[in-house]
Amino acid sequence: MTQPLLEISGLKTHFGVGGTTIRAVDGVDLVVNPGETVCLVGESGCGKSMMARSILRIVPPPGQVTAGQINLHRQSGKVVDLAALDPKGAEIRSIRGREVAMIFQEPMTALGPVQTIGSQITDAIQLHLKVSRKEARNQAIEVLTRVGMPRPEQRLEAYPFQLSGGMRQRAMIALALSCQPRLLIADEPTTALDVTTQAVILDLIRDLQAEMGMAVLFITHDLGVVAEIADSVAVMYLGRVVERAAVDDIFHNARHPYTRGLLRSIPRLGIRVGEELDTIEGMVPNPFNRPSGCSFHPRCVEMIPGRCDRVDPSRTRLPDGTEVRCLLHEPHRQETAPAGALQ
Amino acid sequence: MIDQADIDTPATAPKAHAEVEHREQYAGQWTLIWWKLGRNKVALFSGAVVLIIYLVAIFADFLAPFSSEHYQGRYAYAPPQPLSFFVQNEEGWRFQPHVNAYTTDIDPVSFRRTFVPDPEEVVPVRFFAAGETYHLLGIIPTDIHLLGPENPRDPMFLFGADRLGRDVLSRTIHGTRVSMSIGLIGVGLSLVLGIILGGLSGFIGGAVDTLIQRIIEFLQSIPTIPLWMGLAAAIPQSWTPLQVYFAITVILSLIGWTSLAREVRGKFMALRHEDFVTAARLDGLGEMVIIRKHLVPSFLSHIIASVTLAIPAMILAETALSFIGIGLKPPVVSWGVLLQEAQNIRSVATAPWLFLPGAAIVVSVLSMNFLGDGLIDAADPYGN
Amino acid sequence: MLAFMLRRFIYMVVTLFLVSILSFAIIQLPPGDYLSSMVAGMSAEGQQVDQQFINAMRDRYGLGDPVYVQYWKWISGIVLRGDFGQSFEWNRPVSSLIYERMGLTLLLSVATLFFIWAVAFPIGIYSAIRKNSFGAHLATLVGFIGLAIPNFLIALVFMYLSFRYFGQSVGGLFSPQYENASWSLAKVGDLIAHMWIPIIVLGTAGTATLIRIMRANLLDELNKPYVTTARAMGHPEHVVLLKYPVRVALNPFVSTVGWVLPGLVSGATITAIVLNLPMSGPMLLRSLLTQDMYLAGSFILLLSTLTVIGTLISDILLAWLDPRIRYS
């Protein structure tokens, strides 16, 4: 078995705001293998983006990675715990953009507005690859060509505001891929784009992945996208991964009631007029006011009264490799429940 | 295979915070603004100072020990006398507010008078003392002053005296009226012009907008003080102080309206294309109803904040013009007029208390700026 | 870019035209015509009044003609021949009085502008990046106080302190021995040595404003996604800040020249009056008080022209810095 590229365990990213703490990421476990596409799925506000930013240690203040490990197997063969690095130090900076790159949701604002596309890409190349300005320029043209940017030489001189949304996202991807990273984190890269452009960008990411052999951690709330590109899927709810499984298991044999709820709420063809779409009852709870027990229990249709609201489920690995955090799937309920929880 | 990973304690945030969140979900815009302002202690404190300054302006006659014209020639450039509350005699300490009288020396060569507070001679002062008569709030005739010497002929110069032996403190208090009101009235006029022209510009758009914008750009590109000077110098000498006062106010606001107009226009422009305005229009509401019910409430808080910041600029402008002798002129008392006394550096060197009106300017402008800044932050309670 | 510059240039010409009308209106404001009052004054002093001279002046300024003819005679004299008219008080052509004073006003304003930038730029960046540090709070407080103290009061306090503690007056731009000397290297040195007090007096409010603007702009920019992108690409922190957001925040900063300069010219007038500097301010004040209107009008015209040209320069500079303006 190959070494996993990235191994996250017990990662916590907390925001301390005026004496109280928002637990944006609250004990996430995740593995990304080389060349694999992992999709991180969840509703808005479940901590997906903060989880992605935690990997690169670019969580905006007052947020902080407070616990856990982010083990990255570097190209050199060395294993580094990114969670233990100084977020402004040289080592993490040598990883950012070089071994782990990231693309963002807002192609409109994610590129610097007053520098040309070319200067932003060549800056990154020169920073990491120590090549001459001319060579960096050639590589920039090459990577722009690779992301399907028409007339790349002229586009080098273009400013972001001169490009359309799709072209801007291509430029963003080109920037991220400019140093051939081994892991690409894509934070909802298609959400802000129209549907046809979305499909094109998705294809592009998939092709580039096959071509360059990199792993992709793809963050989305769109299960359609997941079905299209994922190898494995992690479902996040309120800062935790509640279910992690191969893509087929998620769609055909979802274990967690939340995953099943998400799947039921996808609009599909063939729905009858007047038939209501299933939704998950209620709202994502306020992060200040996390429910006790399993944090999903107030919205869960399979909630066990007296248990789910008291016992916080632990991570359970099922025989087929799926991991799930749900009391329904915990084999030794009595043993795992804290004393007195059942009275 | 069973893998039992970490069992975390369930995350429960303090209950109080949840309630705050809840409360903020149904509070109205103004309540939110008030709450946000309430968290800004500096702005709140400054607001209190501003309020006090305006109260001083309203009750100037009562608060000032003397009228602005009261003078005692032999006390020219008399230094400040500290106010004490107790006297000591053989029976011990006794409550008796007083200042110490001066002993004066006249230099035989230069004939300059020097004052030394005389620890022996006590000038008894009292609260609610009878002094010169005035009309409180312009209606109630009275002669009660908050603080005054028991014998009106005794000297009491808590902040010293000027070159004619007038009480600097009293004059500064009286100056509050003109200086603070000129800011308020001037900004009021600017606001009327600004809202009308800015509103027209923002709402009609097109050629009207271009024209008004060019006018604003034009006015903003001219250095204001030379222009004010040119206009103020044309005020006929024969006008009464009241006429001059209004003429200066009008001159200041003729130029001061531009930034408020920009603000109004900017808000109009930004809001005109907001979805909720489009929605209101699609609902069939008339333009005036949209302006009244949707646009004005959306930017009123911003306008109030900008007005608060425009007042100090106006105060500074009046002060500067009066200071160089081209705005208000004696016998009108404004802080700028009073500071004319400080123009001669030799007299300031011997009587630094002539800077007191300057301190009044700094305190009022500073507190208005802090308040205005706090209001700007609070005006958008939905941000952050 | 060329079209942009051309458009701004046309705006400037229109603005200058309006400025000239305004200046002319101010010349016309005082009741009566100055020639009559001058003649009356001269007669009262028992001077011989030359009728031929009066007629020549009447013709020169178009007195008695319709207003637009008077305006034309006045403005065409300035634009075509550099003739700003006659100062009745000094009994000399206005042009012989104003140039050196305008030059010094320009010098002081521009020097103060650079001073403001040099101080406000680093402090603004610092107080945005370390927004909760002691230094940032101190800068904010000092800035607020700087804004609240009018120029002339700062000037007075300076004068008071130097008189009180050094026993000398800080007024003026030159030491006595250079006051009436012709220009030389030594005189320039003397000027520079005297210049710093008016620069500080004049620059305080502007510095405070620009620190606030820079700080606010930068705080805005620091939250933009492109900063995260730059950080995520592994750029070191100082590059992340300086190359991207500071560069963007610089644009509105540059555009402030457009209104800082009028403010400086405005403030220089008062400062020069208080500190008794040989600049346009004191002479403008005096000419207004004595209703020497051609002199006063010329100052107002030239001071406004100065700021209008400054605004044009800042517009062009801004377009050069910000591609979004250049290409739109």
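Bridgeable aspartates and glutamates around residue B:329 (alpha carbons under 18 Å apart, same-chain partners fewer than 8 residues away excluded): B:69, B:162, B:318, B:341.
Over segment A:107-180, what is the mean sequence separation of C-alpha contacts under 8 Å (at least six apart), divided by residue count, expressed as relative contact order in percent? Provide the component values of the computation, followed by the final result.
On the way: 91 pairs, mean separation 34.2, N = 74.
Dividing the mean separation by the residue count of segment A:107-180 yields 46 percent.
Within 10 Å of the Cβ of each residue in C:149-161, the mean number of Cβ atoms contributed by other protein chains is 6.
Ranked by accessible surface with a 1.4 Å probe, highest first, in what order do A:163, C:29, C:185, C:289 come?
Values: A:163 15, C:29 75, C:185 155, C:289 105 Å².
From most accessible down to least: C:185, C:289, C:29, A:163.
Pairwise Cα separations in segment C:95-326 fall into 5 Å bins from 0 onward with the following percentages, short to long: 1, 6, 12, 15, 16, 15, 12, 9, 6, 4, 3, 1, 0, 0. Heavy atoms only, probe 1.4 Å: what % of the accessible area of segment A:107-180 goes to carbon and sulfur, would you let me know? It is 50 percent, rounded to a whole number.
Each of C:205, C:150, C:55 was placed along the dipole of chain C (beta-carbon charges, centred on the mean Cα), and the one lying farthest toward the positive end is C:205. The value of relative contact order for segment B:73-162, using C-alpha pairs under 8 Å at least six residues apart, is 31 percent. Pairing chains C and B buries close to 3500 square angstrom of accessible surface in total, based on protein heavy atoms and a 1.4 angstrom probe.
For chain A, the longest principal axis of the alpha carbon atoms and the long axis of helix A:117-129 meet at an angle near 80°. Within chain A, the longest run free of exposed loop sites, counting trypsin sites (Lys or Arg not before Pro) that sit outside DSSP helix and strand states (H, G, I, E, B) and have at most 11 other Cβ atoms within 10 Å, spans A:131-267.
Among C:256, C:307, C:15, the residue with the largest mean-square fluctuation in a Gaussian network model of chain C, with springs joining Cα atoms closer than 10 Å, is C:15. Screening chain C for whole DSSP H helices of 30 Å or more along their axis (Cα) with average Kyte-Doolittle hydropathy at least 1.6 returns C:2-28, C:293-321.
If R0 is 45 Å, what FRET efficiency do you get for residue B:163 and residue C:14 from their C-beta distance, rounded to 0.05? Numbers along the way, then the final one.
Numbers: r = 50 Å, r/R0 = 1.12.
Computed FRET efficiency for residue B:163 and residue C:14: 0.35.
Given a cut-off of 46 Å, what percent of all Cα-Cα pairs of the protein assembly as shown lie beyond it?
Working: 268752 of 555985 pairs.
Counting every Cα pair in the protein assembly as shown, those more than 46 Å apart make up 48 percent.
Under the shape rule built on the C-alpha gyration tensor, where the axes satisfy a ≥ b ≥ c, segment B:41-103 is oblate, since a/c reaches at least 1.5 while a/b does not exceed b/c. Summarising the amide proton neighbourhood of residue B:103: residues at separation of 5 or more, or on other chains, whose placed amide H is nearer than 5 Å comprise B:116, B:118.
In terms of its C-alpha gyration tensor, chain B comes out oblate, because a/c is 1.5 or above while a/b does not outweigh b/c.
Across chain C, the longest run free of exposed loop sites, meaning GluC sites (Glu not before Pro) lying outside DSSP classes H, G, I, E and B with no more than 14 other Cβ atoms within 10 Å, spans C:180-328.
Taking amide H atoms as placed 1.01 Å from N in the peptide plane, the amide H of residue B:125 lies under 5 Å from those of B:98, B:99, B:150, each 5 or more residues away in sequence or on another chain. In segment A:107-180, the convex hull through the Cα atoms has an average projected area of 4.1 nm², a quarter of its surface area.
Contact order for chain C, expressed relative to its length and based on alpha carbon pairs under 8 Å spaced 6+ residues apart, stands at 27 percent. The mean count of C-beta atoms from other chains within 10 Å of the C-beta of residues in A:108-120, rounded to a whole number, is 5. Cross-link check: pairs A:12/A:130; B:36/C:224; A:48/C:243; A:88/A:130; A:48/A:134 evaluated at a Cα-Cα cut-off of 31 Å; pairs beyond the cut-off: A:12/A:130; A:48/A:134. Membrane-span-like helices in chain B, defined here as complete DSSP H runs extending at least 20 Å along the helix axis by their C-alpha atoms with mean Kyte-Doolittle hydropathy no lower than 0.5, are B:41-58, B:168-204, B:206-220, B:241-272, B:296-323, B:356-379; this is a sequence and geometry rule, not a statement about a membrane.
Would you tell me the mean number of C-beta atoms belonging to other protein chains that fall within 10 Å of each C-beta in C:221-228, as a whole number? Present the calculation step by step, with values, prior to reporting the outcome.
Numbers: counts 2, 1, 1, 5, 10, 13, 5, 10.
Mean inter-chain Cβ contacts per residue within 10 Å come to 6.
Comparing C:206, C:135, C:297 in a Gaussian network model of chain C where C-alpha atoms under 10 Å apart are linked, the largest mean-square fluctuation is found at C:135.
Accessible surface comparison of A:228, A:188, probe 1.4 Å, protein chains only, largest first: the order is A:228, A:188. Among the protein heavy atoms, those of residue C:220 account for about 100 Å² of accessible surface (1.4 Å probe, every chain in place). Residues considered: A:154, A:198, A:120. Largest GNM mean-square fluctuation over chain A, using C-alpha springs under 10 Å, is found at A:154.
For segment B:292-316, the residues whose backbone nitrogen is under 19 Å from a point 7 Å from the Cα of residue B:49, taken along Cα to Cβ, are B:305-316.
As an exercise, take the mean of 1/r over every pair of distinct alpha carbons in segment B:73-162, invert it, and state the Kirkwood radius in angstroms.
Numbers: mean 1/r = 0.0679 Å⁻¹.
When all Cα pairs of segment B:73-162 are included, the Kirkwood radius is 14.7 Å.
Taking every protein chain into account, the accessible area of the protein assembly as shown amounts to 45 square angstrom per residue (probe 1.4 Å).
The values are calculated or read from the model by the stated rules, or taken from the named source; none is laboratory data. For clarity, every value in this text was computed on a predicted model and none was experimentally measured. For neighbour counting, all protein chains shown are included, and Cβ atoms are generated from backbone atoms with ideal geometry for every residue, glycine included. Calculation scope for accessible area: heavy atoms of the full protein, side chains included, ligands and nucleic acids excluded. Shrake-Rupley method; radii C 1.70, N 1.55, O 1.52, S 1.80 Å.
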